[in-house]
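Please treat every number below as a calculation from the coordinates, not as lab data. Everything quoted here is computed from the prediction, not taken from an experiment. Virtual Cβ from ideal backbone geometry, glycine too; neighbours counted across all protein chains shown.
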């Protein structure tokens, strides 16, 4: 492992986004001119949480550059202030944004997308890794091209599982709405949580909303633990085949031991059949599939409008309550500290110019 100071091999590009602990901006390699999406993490912000970055790097070193549908970590290094991780720059956008920008969208297309993602999930699982945060926002297209690969990204919550034991992971983590029942129950979880999340993703891709949408987070969590969902409203699902619904039902099996593995999901008729199931469009004389896009966009837009009006206010209220819980309350104390420091540290990260600071490489100097 090298720790010597060297000139940075990259120059700073434009800002791409911001997450909980990190910012993402372009990093242009000085020699090749290749543009990467660079995740930049303030070291002070991660003090005491360094294991999260070490874990993400360890996961990505196992799987990078080995599957067309898994994002690659190309380089990682640190400066005095920041940690840097350079990934594939996926310019094709997020999965659902791509769908909504299309003029039409059919069930066979959804099946093809789910099949591609499941091949990546199967590969990840074979490598002994559970992703734990599969959702449309973490499924990106490599380029804007119509035939571009879809990529599984953001391995920040992923873990390496050396043995097939569900009780190896017990912390509650993930994105509400996509988390499996066993995560909430705290009895231990593993690779089956990714299959559950893909069941939710598939439901979302075919309807424009998630199966456990409820008025409150508590009601949503209870519905997930009970496996309480329906294929409703009927007019939305009338255009979706029974085979697709059977596939979702299999993935959303509450008992993780009875849930199919990623490899078994790929053998389901909805993904494995040479001719994907669909509901014929009665207005199409050729008998082609029904366009799902009108209902999908309608449901998605309605839900987003409702969330902006309702959940946004609730989230702010919950954060305030946690912050006001007092110095004796661990969660309240942590929330208060984060609320005071996280934005300042992220802002400091944006000020550092890569080409002007020396770096310490954390690997052997070659690409991962």
Rg/Rh for the range 88-222 to two decimals, with Rh computed the Kirkwood way over all alpha-carbon pairs.
0.98
In nanometres, the difference between 0.36 nm per residue of separation and the alpha-carbon distance of residue 175 and residue 344 is 58.4 nm
If N is the residue count of the range 196-236, its Cα Rg over 2.2 N^0.38 Å rounds to 1.12
Which length gain, in nm to one decimal place, applies between residue 297 and residue 44 when the Cα-Cα distance is subtracted from 0.36 nm times their residue separation?
86.9 nm
As computed over the range 216-277, the Cα convex hull volume per residue (Å³):
90 Å³
Computed D for the range 1-143, Stokes-Einstein, Kirkwood radius over alpha-carbon pairs, 20 °C, 1.002 mPa s, to the nearest µm² per second, is 127 µm²/s
Among 155, 184, which comes first, then next, by fewest other beta-carbon atoms within 10 Å?
184, 155
Contour minus Cα-Cα distance for residue 228 and residue 97 (0.36 nm per residue)
44.4 nm
What three numbers, in Å, describe the spread of the alpha carbons of the range 5-89 along their principal axes, ordered from the longest?
34, 28, 27
Just to check, using Stokes-Einstein with a Kirkwood Rh over alpha carbon pairs, what's the diffusion coefficient of the range 95-309 at 37 °C and 0.692 mPa s in µm²/s?
185 µm²/s
For q = 0.18 Å⁻¹, Debye-computed log10 I/I(0) when each Cα of the range 152-240 counts as one equal scatterer
-0.84
Given a Förster distance of 41 Å, report the FRET efficiency between residue 357 and residue 115 from their Cβ-Cβ distance, rounded to the nearest 0.05.
0.40
Stokes-Einstein translational diffusion, the range 91-155 - Kirkwood Rh over all Cα pairs, 0.890 mPa s, 25 °C, in µm²/s
198 µm²/s
